[in-house]
Structures are given as C-alpha cells and as structure tokens.
Amino acid sequence: MPRPILYVLLVVVAASLVPMGLVYKARHSRKTHPRIQVVYDMDNQYKSKTQTENAFFADGMAMRHSPDGTVAQGQLEADDALYRGQVAGDTLFVETFPVEVTSEMMYRGQERFNIYCAPCHGASGDGNGLVNVRAAALAEGTWTPPTDLRGQTVIDRPVGHIYNTIKNGIRNMPAYGPQIPVSDRWAIVAYVRALQLSRNASIEDVPAEVRASLQK
C-alpha cells in the first residue's frame, strides 16, 4: 500500500475515535450546565405543577387522585389481625395475639412502653406518670387523667382493642401508629397484659426456682 494512503487511513481512524472520546468526556465530567441530550424529552418531560389547571383532564385539574385500590409497594397489609387488630373482614377485635409472644418480645415491649407510654400512664401502668403528676399540680382543669391500664375496663378489652388504641389513639390520647411499628405495638400490648397480670399476682404465679429469691 502506498505510504500516502496509509497515512490518510491512520488519520481517518484517529479522527473516528474523537467523537467517542468527546462523548465519554461529556458523560464523566462535572459541568455547570446540563449535558447535551440526544433524546432530550426523556430527561426534560412536560409536567404540571401542583394546584394548576390542565385541560387534558375532564375536570381541568392537574393533580390526580390515586385509582381506587392503589397500594404502595410493600404496604399491602392484607392481614387484618396483624395490622389492624381486627377479625378478617369484620370490625371485631381479635382476642388472641396474631404473633408469637416470647420473652424477647416482652422485653422489647417493656422498653417501648417506658418510652412512649410511661410518661402518661406511669411505669406500672396505673395512669400516674410524670406528665399526669405535672398536669395535676398545675390544676388548670383541662387535663384528662390517663387510663389505669391495669383496671378492669382495659383488662376486659381484647388485645386487638389495645393494639388499635396504640395505632389510632382513643379520646384524648393521640395516635402512636406513625411512631411505633407493627411489631412494637404488639410487644407493648403483650407487656400491658403482663402488667395487668402482675397486679393481682401471687407467689404461686412465680416459678418455683425463682420464689426463694423473692422471699428474701
């Protein structure tokens, strides 16, 4: 092959690599302005801002409601007993725990109870927590005393009812569902049941191997 033609071919090959180099540089370097987009409408799509009109829809509103039955990914929560404390397809509260109650769960429930519940209901659940003591001292006449969780009224409630109270609140008590996840709600319910049992517990309720240490 003649030397001039060889030189021309080398120049052409080298020139063909320039576009790829420029593309690589454009994709991997920091810039103060947007990169050039070949298919620009994929990155710069038309949008409607909130509280604006949009003639595309029959009602003229840009903001759309989610279709009926829409569920966020991973949030189906189809188990009524577990997530709502209710009998499936009914409004009745479950009487038994939908999860296994273990010692680890009880300790977790005690910890969460002391964080979220004890300030008002007291560490023993008698309704005389520090918040209640302070409110009673102020004597402003607007304070509703917390419920004694060891009282017969709460004892007679199904576990699902107590779970629902934690999740959605009741009367003056606000909902704690946003702060307390499902597993911790049931752990607190289990600990509340333990507080109720301990109120009228006798030495016979204590395991034989532990009684001696309590009687010292």
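The values are calculated or read from the model by the stated rules, or taken from the named source; none is laboratory data. Keep in mind that what you see is a predicted model, and the values were worked out from it rather than measured. Note: ideal-geometry Cβ built from the backbone for every residue, glycine included; neighbour counts use all protein chains shown.
For segment 86-110, enumerate the residues that are in a helix (DSSP H, G or I), of a type in the set (S, T, Y) and under 23 Å from P178 (Cα atoms).
Selection gives Y107 alone.
Of the residues A190, A194, which is over 23 Å from D80 (Cβ atoms), assigned by TED's automatic domain parsing to the domain that holds P119 and assigned to a helix (DSSP H, G or I)?
Being over 23 Å from D80 (Cβ atoms), assigned by TED's automatic domain parsing to the domain that holds P119 and assigned to a helix (DSSP H, G or I) holds for just one of A190, A194, which is A194.
Would you mind stating whether Q37 is modelled with pLDDT under 85, within 30 Å of S183 (Cβ to Cβ), outside the structural domain of A190 (by TED's automatic domain parsing) and not in a helix (DSSP H, G or I)?
no
Scanning segment 55-85 for residues that are assigned to a loop (DSSP other than H, G, I, E, B) and in contact with a helix residue (DSSP H, G or I) (Cβ under 8 Å, 6 or more places away or on another chain), which turns out modelled with the lowest pLDDT?
Selected residue: E77.
Which is of a type in the set (K, R) and surrounded by fewer than 17 Cβ atoms within 10 Å (Cβ to Cβ), of R185, R199?
After ruling out the rest, the residue left standing is R199.
In segment 107-145, which residues are among the polar types (S, T, N, Q) and at pLDDT below 95?
Passing the criteria: S124, N128, N132, T142, T144.
Just give me the residues in segment 111-126 being within 15 Å of S183 (Cα to Cα) and surrounded by 18 or more Cβ atoms within 10 Å (Cβ to Cβ), in sequence order.
Passing the criteria: R112, F113.
For D205, all conditions in the list (1) loosely packed, with under 15 Cβ neighbours inside 10 Å; (2) under 30 Å from L82 (Cα atoms); (3) in contact (Cβ under 8 Å) with a residue 12 or more places away in the chain hold save one; what is the number of the exception?
Result: D205 fails condition (3) only.
Consider only pairs whose beta carbons are under 6 Å apart and that are at least six residues apart or on different chains; among these, list those whose first residue lies in segment 140-159 and is under 19 Å from P119 (Cα atoms) and not assigned by TED's automatic domain parsing to the domain that holds N128 and whose second residue is surrounded by 14 or more Cβ atoms within 10 Å (Cβ to Cβ) and among the charged types (D, E, K, R).
Hits for this filter: zero, empty list.
Got a number for residues in segment 164-185 being closer than 18 Å to Q75 by Cβ, of a type outside the set (G, A, S) and assigned to a helix (DSSP H, G or I)?
The number of residues fulfilling the criteria is 5.
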